[in-house]
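First comes the structure, then the notes that go with it.
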Amino acid sequence: MKAKGERRKTAGGMRKGSRRSAVGGQRKAVSSERSAPRILTRAEFDRLIDELVAKCAVYAPVAVEETGKLEFRRIGSSSEVKLEGLADVGVVGQLGLRPKELLFPQCEVLFHFSPSEPGRMVEPEPPQEQVLFGVRPCDGAAVAFLDRFFSGRSDSSAPSDIYYRARRERTTLVGLACNRPADTCFCRAVGGSPSGTTGLDLLLTDLSDGFLAEPVTEKGAALVADMPVASQADMEKKQRLAENAGQAITTTIDTASLKRRLDRTLVSEGSGPADAVWQALSLPCVNCGVCTFLCPTCRCFDVTDEEFRGRGRRMRVWDSCQFTLYSRHASGHNPRATPHSRFRNRVMDKFSYTVAMVGELSCVGCGRCISACPNGIDIRETVETLLKMLPE
Amino acid sequence: MTANPYRPIPVRIEQVTIENEARDLKSFELSFVNEEHRKGWHFVPGQFAFLSIAGVGEAPFGIASAPSEPLLRFTVKRIGTFTTALHELDRGSIIGLRGPYGNSYPWDLMTGRDVVIVSGGFSFTTLRATLVHILQPENRPGFGDVTVIYGARSPGELLYKEELKELEKRPDLRLVICVDRLNGADWPKTEGLVPNVLRQVAPAATNAVALVCGPPVMIRFTHPVLKELGFSPDRVFLSLENRMKCGIGKCGHCNIGPKFVCKDGPVFSYQELLTLPQEY
């Protein structure tokens with residue numbers, strides 16, 4: 001009883017029978033009795049956000065003053081959250097909204113040290129509980145991929161990455177279905193869906209007059225447990241929106257055939273005819289690496305030390321296989337010395353290597369690399385050419 | 001909290017040995033600062049570890065000592081930022097260590113078979129560990145004939161010279177040390193490039209396993225000779241060194257196709273390498 005009383009106290013201002021400790025629970029699949037979709041008016045939604053803000057870090061799409069573009073920012077109040085039009089991917093764009101950074105920061109301190117005390121290392125404080133609102137289904141799928149890659153679960157020879165895991169265990173992902181995908185979206189071609197729930201804890205669908213909230217995990221269910229259950233009409237409306245969104249994505253990729261073709265090029269003897277294909281495809285590529293930094297499944301990092309006035313820290317910082325230095329040995333020898341070999345490595349990683357490593361493609365069809373490429377390289381066209389030019 | 005795989009454990013430099021005339025190769029012999037770390041450290045020849053200097057960074061190196069030896073040895077060429085900083089350290093300095101990482105030489109396959117070791121330059125380190133391990137009195141009966149071909153550019157560039165001179169006397173080991181040019185030196189006795197010397201020595205391939213480690217150019221010319229001698233690709237093993245940052249299959253740098261040198265290697269059979277892009 002005491003614990004309950006305390007909970008009430010910390011969640012001051014909440015209604016009777018309210019959401020209790022909605023964050024920090026297990027990411028296990030939602031039980032059937034808690035899986036019923038709920039309905040949230042904007043007022044309910046705002047109340048949910050404000051309750052969470054009092055308890056943990058809440059990130060949501062916010063219109064950034066300088067650019068007017070939406071970005072995930074830590075918010076202090078529901079009034080900052082911009083959800084209107086968010087389900088319209090073409091208008092909002094993808095580039096500003098990057099949940100990856102909140103689970104796998106671009107720079108992350110591994111530990112602090114002092115060079116005058118060799119051997120003494122202090123790890124940073126554990127990360128805070130965080131809830132992310134407005135995560136796109138493709139990004140949810142990307143987080144599910146990162147979970148597998150960093151966990152070592154599907155690959156017992158590699159240990160779990162404790163820094164990623166610490167953040168992930170303290171994160172709740174609230175997705176928002178894409179009602180109107182952008183013309184760069186192709187999630188359905190790579191096993192996703194504009195209303196997919198993979199990797200998410202709760203999926204919201206914008207029904208114009210409110211949000212439909214579908215629990216995916218117990219963590220997600222806890223957020224909306226006291227909201228009214230959605231009506232049949234709400235469900236039908238969601239169904240129509242999801243179907244329309246799905247139909248808007250027309251790209252298809254025979255990923256199995258593509259992997260077979262790519263795998264045939266994995267030979268060490270000579271360059272072969274496939275090399276000419278890669279050279280032609282990579283011609284516009286300047287190896288700037290923007291595709292890899294924006295890619296929600298790209299996860300390479302460098303480890304580097306910083307020291308200033310007797311205080312030091314070892315950090316990990318995003319890196320990109322598109323850069324020459326990425327693979328260059330200390331001797332100067334570089335296994336991927338040519339620009340096209342680096343271009344190939346990225347495409348192979350997405351459609352072949354990670355399937356071999358953890359059993360999953362690492363392209364979720366978000367289309368960020370298409371929007372951001374300074375030279376107009378479109379991964380869909382790249383893949384189409386590979387399917388045409390490489391023998392099965 | 002589970003053990004942090006990125007966190008190095010403290011080790012003390014007990015001994016520093018300059019290994020070559022150019023004075024850019026030094027061996028560092030290390031002891032564990034904490035007894036519990038020493039007890040928890042188990043490795044197999046062929047594995048590698050990261051050495052770490054706070055404020056400078058870290059880098060991976062093959063373990064040059066055998067598990068039976070009291071001190072952990074790394075032989076390091078001064079070539080970049082980290083190795084330059086390491087070369088400046090003296091006995092008594094505390095540095096960091098994490099590992100051991102990677103697979104090892106194929107000990108199960110090697111057991112009961114002849115072992116042929118082919119090595120060039122300063123990559124002899126993990127093969128020295130392998131050789132010392134095989135030659136342990138309790139281990140030696142488990143292997144057939146052992147042949148070692150080890151070459152360097154010049155006599156002054158050979159690693160572990162005193163030890164090699166002792167090993168040359170052993171009746172249970174065929175050790176051929178060669179240099180590209182003798183330049184009038186009276187030791188070693190053989191002049192020639194490693195692949196050519198290998199052809200002359202011609203160890204029997206039947207029931208043998210070959211372990212190869214050396215610079216890319218040596219590896220390129222050694223393969224055809226091993227093939228001539230009758231070694232099938234699944235009996236030839238190479239130890240690779242790609243740039244790497246984490247050692248545990250996360251940072252991405254050392255990939256060769258879908259394999260990571262750090263956790264799927266560093267030892268690969270030639271057979272396996274034939275199915276991977278030539279990115280090493």
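The values are calculated or read from the model by the stated rules, or taken from the named source; none is laboratory data. Predicted, not measured: the structure shown is a model, and the values here were computed from it. Here Cβ is always computed from backbone atoms with ideal geometry, including for glycine, and neighbour counts include all displayed protein chains.
B:PRO224 satisfies every condition listed in (1) out of contact with any helix residue (DSSP H, G or I) (no Cβ under 7 Å at 6 or more places or on another chain); (2) away from chain A (no Cβ under 14 Å); (3) of a type outside the set (Val, Ile, Thr); (4) not in a strand (DSSP E or B) except (2).
If you go through region B:100-113 one residue at a time, do you hit one that is closer than 23 Å to A:VAL303 by Cβ, of a type in the set (A, V, I, L, M, F, W, C), away from chain A (no Cβ under 14 Å) and within 17 Å of the chain's Cα centre (by Cα)? Quick ask: steps written out before the conclusion?
Just the residues of region B:100-113 that are closer than 23 Å to A:VAL303 by Cβ, to begin with: B:100-103.
Narrowing further to those that are of a type in the set (A, V, I, L, M, F, W, C): none.
No, the conditions are met nowhere in region B:100-113.
Output yes when any residue across region A:209-221 is among the aromatic types (Phe, Trp, Tyr), buried (at least 21 other Cβ atoms within 10 Å of the Cβ) and out of contact with any Phe, Trp or Tyr (no Cβ under 7 Å at 6 or more places or on another chain), and no when none is. Write out each step before concluding.
So the first thing to find is which residues in region A:209-221 are among the aromatic types (Phe, Trp, Tyr), and the list is A:211.
Now restrict to residues that are buried (at least 21 other Cβ atoms within 10 Å of the Cβ): A:211.
Narrowing the set further to residues that are out of contact with any Phe, Trp or Tyr (no Cβ under 7 Å at 6 or more places or on another chain) leaves none.
No, that holds for no residue.
Counting only helices (runs of 4 or more DSSP H) that sit completely within region A:214-332, those holding 2 or more residues that are touching a Lys or Arg at 6+ places or on another chain (Cβ under 7 Å) and farther than 17 Å from A:ASP349 by Cα correspond to A:218-224, A:232-248. Scanning region A:148-179 for residues that are part of a helix (DSSP H, G or I) and either within 13 Å of another protein chain (Cβ to nearest Cβ) or modelled with pLDDT under 90 (or both) gives A:ARG148, A:PHE149, A:PHE150, A:SER151, A:ILE162, A:TYR163, A:TYR164, A:ARG165, A:ALA166, A:GLU169.
Condition (residue is buried (at least 21 other Cβ atoms within 10 Å of the Cβ), part of a helix (DSSP H, G or I) and either under 21 Å from the mean Cα position of the chain (by Cα) or within 14 Å of chain A (Cβ to nearest Cβ) (or both)) applied to region B:242-249: is it met by at least one residue? No, because not a single residue in region B:242-249 is buried (at least 21 other Cβ atoms within 10 Å of the Cβ), part of a helix (DSSP H, G or I) and either under 21 Å from the mean Cα position of the chain (by Cα) or within 14 Å of chain A (Cβ to nearest Cβ) (or both). Residues that are in a loop (DSSP other than H, G, I, E, B), under 16 Å from B:VAL115 (Cα atoms) and either out of contact with any helix residue (DSSP H, G or I) (no Cβ under 9 Å at 6 or more places or on another chain) or among the hydroxyl-bearing types (Ser, Thr, Tyr) (or both) within region B:138-197 comprise B:GLY144, B:ASP145, B:PRO171, listed in sequence order. Screening B:GLY265 against (1) facing another protein chain (nearest Cβ under 10 Å); (2) surrounded by 23 or more Cβ atoms within 10 Å (Cβ to Cβ) leaves a single unmet condition, (1). Of all the listed residues (A:LEU83, A:LEU95, A:LEU102), the sole one being in a helix (DSSP H, G or I) and surrounded by fewer than 21 Cβ atoms within 10 Å (Cβ to Cβ) is A:LEU102. For A:VAL290, the conditions (1) farther than 29 Å from B:LEU240 by Cα; (2) of a type outside the set (D, E, K, R); (3) out of contact with any helix residue (DSSP H, G or I) (no Cβ under 9 Å at 6 or more places or on another chain) all hold with the exception of (3).
Number of residues in region A:303-319 that are more than 9 Å from every other protein chain (Cβ to nearest Cβ) and of a type outside the set (A, V, I, L, M) equals 6.
Taking the listed residues B:VAL44, B:VAL118, B:VAL33, the one that is within 12 Å of chain A (Cβ to nearest Cβ) and either among the β-branched types (Val, Ile, Thr) or farther than 19 Å from B:LEU240 by Cα (or both) is B:VAL33, with no other qualifying. Residues in region A:247-277 that are at pLDDT 90 or above, touching a helix residue (DSSP H, G or I) at 6+ places or on another chain (Cβ under 9 Å) and more than 20 Å from A:LEU361 (Cα to Cα): 1 in all. Going through (1) in contact (Cβ under 8 Å) with a residue 60 or more places away in the chain; (2) within 14 Å of chain B (Cβ to nearest Cβ); (3) within 25 Å of A:ALA141 (Cα to Cα); (4) not hydrophobic (A, V, I, L, M, F, W, C) one by one, A:GLY289 falls short only on (1). Residues in region A:106-139 that are of a type in the set (D, E, K, R), more than 10 Å from chain B (Cβ to nearest Cβ) and in contact with a strand residue (DSSP E or B) (Cβ under 9 Å, 6 or more places away or on another chain) were compared, and the one that is nearest to B:TYR6 (Cα to Cα) is A:GLU108.
Among the listed residues A:ALA144, A:ALA182, which satisfies the condition of being away from chain B (no Cβ under 14 Å), under 30 Å from B:GLY102 (Cβ atoms), of a type in the set (Gly, Ala, Ser) and surrounded by fewer than 24 Cβ atoms within 10 Å (Cβ to Cβ)?
Working: A:ALA182 fails: under 30 Å from B:GLY102 (Cβ atoms).
So the residue among A:ALA144, A:ALA182 that is away from chain B (no Cβ under 14 Å), under 30 Å from B:GLY102 (Cβ atoms), of a type in the set (Gly, Ala, Ser) and surrounded by fewer than 24 Cβ atoms within 10 Å (Cβ to Cβ) is A:ALA144.
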